[in-house]
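S.K.: The structure's right below; bear with me while I get my questions together.
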Amino acid sequence: MKTIVKTITHTEEDKKIYEQAGKILRDGGLVAFPTETVYGLGADALDAKASAKIYAAKGRPSDNPLIVHIADVNALYDLAAEVPEKALILAKKFWPGPLTMILKKQDKVPDSITGGLGTVAIRMPSHPVAAELIRSSGVYIAAPSANTSGKPSPTRAEHVINDLSGRIDMIIQDDTVDIGVESTIIDLSEEVPTILRPGYITQAMFEDAIGKTIIDPAIMGSLKEGVVPKAPGMKYKHYAPNADVTIVEGPHEKVVEYINSQIAEKEAEGHRCAVMATDETKGKYICKDIVSAGHKDDELSVARNLYAILRDFDKQNIEYVYSESFETKNVGQAVMNRLIKAAGHKIIKLD
């Protein structure tokens, strides 16, 4: 398959791109497109055969649910069997934007996009390209991140091209992805709203709007064997470069000492290593390849840089990555959630 790549120019020519992409979606094909979080890989959400192509193209496990992207709040009533008041409150406050809500599904929503569950994940993206594609195509778009399953999510079109060229029909290029980590997911299908994936929208923001919420413990851990994931990314190793990733937590002096000792040992054995640190700490390491994820107090800058950094490690053939932990007050919790999964939950805790 030859993958079409078209670049948004913010001119009248863009209309042809949306027309072409919309036809591909209506005909059961796959289109990658930018959102405000990461690039998504889209198919007609109500076409079971089309959504099955997403799993095949990504190599994604079939029990890992997909998120349905909409362009109008009224779509909630078409896709969800029940629309609780709290869902409407959150939609008014955070949509369009990086929020995914899990609700009980209508029968018309195919089991192939819900992991066989009786719920559906729905979000309304704020990125203008995503919004226009949904509107002009006339279909709801089921879309996980547009990467090979398990690899770092794509924040630039080149990442999508590297992973999926030749496996999907079209890529719409517009590198204005802003947030850099996937949407926050909240489950509203149970009595107490439960956050299943952290993102830009935090627990404090939810509780200001709808009162008590809880955080699923799997956010910073892993699901037990045999448990069916209700949200994308809960069960599997995700966001991982080819390198072995280790997170090191503890008093900063001890973290630096430990990482430097590991780097010295690995490089003496002939391995290529890298350190992921911050602007404030990068000068304290002995490694040849030291990358700053951003300012330690600017969690959003770290979020924007994370996936591109992990992908660059692959370009450099890095074998071992040692990373500091990052602040988790706001979107930093999402950063650490992704980093923990990239490390396969490999964390060294120093006293």
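The values are calculated or read from the model by the stated rules, or taken from the named source; none is laboratory data. What you see is a predicted model, and the numbers here were worked out from it, not measured in a lab. Neighbour counts are summed over all protein chains in view; Cβ atoms, including those assigned to glycine, are modelled from backbone coordinates with ideal geometry. For the accessible areas, the whole protein counts, side chains as well, though only heavy atoms, and no ligand, DNA or RNA atoms are used. Shrake-Rupley method; radii C 1.70, N 1.55, O 1.52, S 1.80 Å.
S.K.: Taking the Cα atoms only, what angle lies between the long axis of helix 128-137 and the longest principal axis of the chain, rounded to 10 degrees?
M.R.: Taking the Cα atoms of the chain, the angle to 128-137 is about 30 degrees.
S.K.: Given axes a ≥ b ≥ c from the Cα gyration tensor, I'd like to know whether the stretch 122-228 is rounded (a/c under 1.5), prolate (a/b larger than b/c) or oblate.
M.R.: prolate
S.K.: Related question: Could you tell me the center-to-center distance, by alpha carbons, between the stretch 327-351 and the stretch 304-324 in angstrom?
M.R.: 15 Å
S.K.: Moving to a separate point now. Gap in Å between the Cα centre of the stretch 155-199 and the Cα centre of the stretch 12-62?
M.R.: One Cα centre to the other: 13 Å.
S.K.: Still on this model: Which shape class, rounded, prolate or oblate, goes with the stretch 22-123 when its Cα gyration tensor gives a ≥ b ≥ c as root eigenvalues, a/c under 1.5 marks rounded, and past that a/b bigger than b/c marks prolate?
M.R.: prolate
S.K.: Take the residue pairs K93/K282; K212/K341; K104/K346; K315/K341; K151/K349; K93/K315 and return only those whose Cα atoms are more than 30 Å apart. Walk me through the intermediate numbers first.
M.R.: Working: K93/K282 38 Å; K212/K341 27 Å; K104/K346 35 Å; K315/K341 20 Å; K151/K349 25 Å; K93/K315 40 Å.
Distance filter (> 30 Å) returns K93/K282; K104/K346; K93/K315.
S.K.: A further question follows. Rolling a 1.4 Å sphere over the protein heavy atoms, what is the accessible area per residue of the stretch 51-210, to the nearest Å²?
M.R.: Heavy-atom accessible area per residue stands at 35 Å².
S.K.: Which distance in Å, rounded to a whole number, links the C-alpha centroids of the stretch 245-279 and the stretch 124-153?
M.R.: 37 Å
S.K.: For the chain, give me the percentage of DSSP beta bridges that are antiparallel, rounded to the nearest 5 percent.
M.R.: Numbers: 18 of 48 bridges.
Percent antiparallel among DSSP bridges in the chain is about 40.
S.K.: Determine the dipole magnitude for the chain: charges of +1 sit on the beta-carbon of Lys and Arg, -1 on that of Asp and Glu, nothing else is charged, the reference point is the Cα centre, and the result goes in debye to the nearest 20.
M.R.: Values: 42 positive and 49 negative charges, 153 e Å.
So the magnitude is around 740 debye.
S.K.: Any chance you could give the angle, 0 to 90 degrees and rounded to 10, that helix 252-268 forms with the longest Cα principal axis of the chain?
M.R.: 80 degrees
S.K.: Name the long-range amide H neighbours of S292: under 5 Å, sequence gap of 5 or more, or other chain; modelled H, no Pro or chain starts.
M.R.: Residues meeting the amide H criterion: A277.
S.K.: The list (1) 47, 20, 17; (2) 34, 24, 18; (3) 28, 23, 20 gives values of semi-axes √(5λ) of the Cα gyration tensor in Å, and only one came from this structure; which label was calculated from it?
M.R.: Structure-derived value, by its label: (2).
S.K.: Counting only protein heavy atoms, what percent of the accessible surface of the chain is carbon or sulfur at a 1.4 Å probe?
M.R.: In the chain, the share of accessible area belonging to carbon and sulfur is 49 percent.
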